[in-house]
């Protein structure tokens, strides 16, 4: 058989194979047979149900109730779906006597959502598009191979035709058909390559568009969830409940009134409403709601007083500083306390607002450093006020302190009668080290110069056979959470002081009632009289330790400071006399009778006399680093007896 005939047969076979190549649509059919696995989600943690909410002016205390069942023993309960506005240091848990809550920990965990139906459809379409792109690439490769085959065929046909022409056996018809076939095939391949390129560009655009659409739908698919882990001991079998409590932000309330009256009536109708801001990130459905004007306090202990250090400065320097607007004394806000008239009143009121805000910061502080820093700020703001008392006549002070006792008014709360709806293992584990009872002595303590709140405290003796290391303690009283505190390292036999939160039924306030300025020889004499009032709304008497302070100086020859007419007398507690009295910290130990308020309020009165060269003025030296360190040391010593 002539070689050209055989080549013709090969060409027919090549043509048949070409008909099997369909670069214009079979990709989709293949892609339709693909199956796609669904993405599964992690097991959800127990979320419990929100049952109570105490709404403050900028935060809310949320209570979730979690039902427990099964046998007794140690358990770790994971409560999930906490809102993004949760304050992680605020978590604590309450329970009945049948459940002992040992600790509560906050954690964050990254999770992925199960794809929604729209995402699944996009995934399927993207997979088909990807398969089509793969088939398109295979078609392009096949076209290249076909061109290579045609090149080999041409390289074979041309020498064969010349040989047969020399031998006189050339079949012109067969050569013409082969040539025509070769060019037709090259034309088809060229057209196919153009179609494949256009198709590839379209598929790539489609795939990119699908990818962008999916990214939009799954923008928040990978998210972090907030969870609480409650370590507890279930003491009995059967169903029980535990309550998880936490603070959230981005919420609050304000009062709103509607008053209705008529010309022919001698009364009006008043509607007292609350305007509520609720953007905490979780819904409150059918909850018991309490509205409160108080501040949520996590700290279980009250603030302490630092010594108020003063010194003398030249009056001429002071006056020159005033003219140059260089303040002699700056509070934490950097505002001068040396002012007069309306400027002095504005300064005083601004200082009081910052002092109130600092009280809130102190109430939310738990560890020693944070508490000491906030406490120091409180003392600094109080020092500004005391400097005003030392530097201004009583008439000026009276005019700027008219609202001085506003903070002392009781905190209010309103509980609504009806439920309300307002739209690895890398975790910590726990073992018990010690359980036992310790002897304690309870009393109340107040520092009205820095806060009107009265706090409960207890002297606790470590009568156990182990030492207690320094750490954070969660404090309960009467099975009720009252706050957090920090205790120092306590050796066997030592006694430490532990706070048990504020007592809303006791209030104190401090008043300057008299100031006299005089001259004795070449010295200026300033006499100040103060009184402290204690109101007890309880139906029983309480033992109360009240603290105040006099100015203190390391140079008593320059400034003579004396306490006058203290009624009652100061405390005779040996540790107080050793540690604090020497720094002019005052303490009275009084028994406050039950139900004494208003005119029946318990009264403490005392005076202070300052005698110094009249050519000088009093400066406040209590804000230097040495004073800060002295205060921290004093605070450390106050934690033990």
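Side notes on the structure shown:
- Cβ-based exposure ranking for 444, 207, in which fewest neighbours within 10 Å come first: 207, 444
- Among 469, 244, 203, 147, a tally of other beta-carbon atoms within 10 Å of each Cβ gives an order, fewest to most, of 469, 147, 203, 244.
- Listed peptides 528-534, 187-193 appear in the order 528-534, 187-193 once ranked by packing, highest mean of other Cβ atoms within 10 Å at the front.
- A Förster radius of 25 Å, combined with the Cβ-Cβ distance separating residue 582 from residue 492, puts the computed FRET efficiency at roughly 0.25.
- Protection proxy ranking of 451-463, 94-106 - average other beta-carbon atoms within 10 Å, highest first: 451-463, 94-106
- Calculated FRET efficiency for the pair residue 47/residue 558, C-beta based, R₀ 56 Å, to 0.05: 0.25
- A Förster radius of 56 Å combined with the Cβ-Cβ distance from residue 511 to residue 72 puts the calculated FRET efficiency at roughly 0.50.
- Inter-part distance where the range 126-140 and the range 564-615 are each reduced to a Cα centre, Å: 90 Å
- Binning the C-alpha pair distances of the range 421-496 at 5 Å intervals from 0 yields a P(r) profile of 3, 10, 15, 23, 18, 11, 8, 6, 4, 2, 1 %, listed from the shortest bin outward.
- Taking 121, 578 and counting other C-beta atoms within 10 Å, the order from fewest to most: 578, 121
- Quotient of C-alpha Rg and 2.2 N^0.38 Å, computed over the range 509-560: 1.71
- If the convex hull is drawn through the Cα atoms of the range 488-614, its volume per residue in Å³: 143 Å³
- Principal axis box of the range 57-150, alpha-carbon based, largest edge first, Å: 91, 42, 22
Taken together, the values in this text are just the output of simple stated rules run on the coordinates, not laboratory data. All values derive from a computational prediction rather than experimental measurement. Cβ sites come from the backbone with ideal geometry, for glycine too, and all protein chains shown count toward neighbours.
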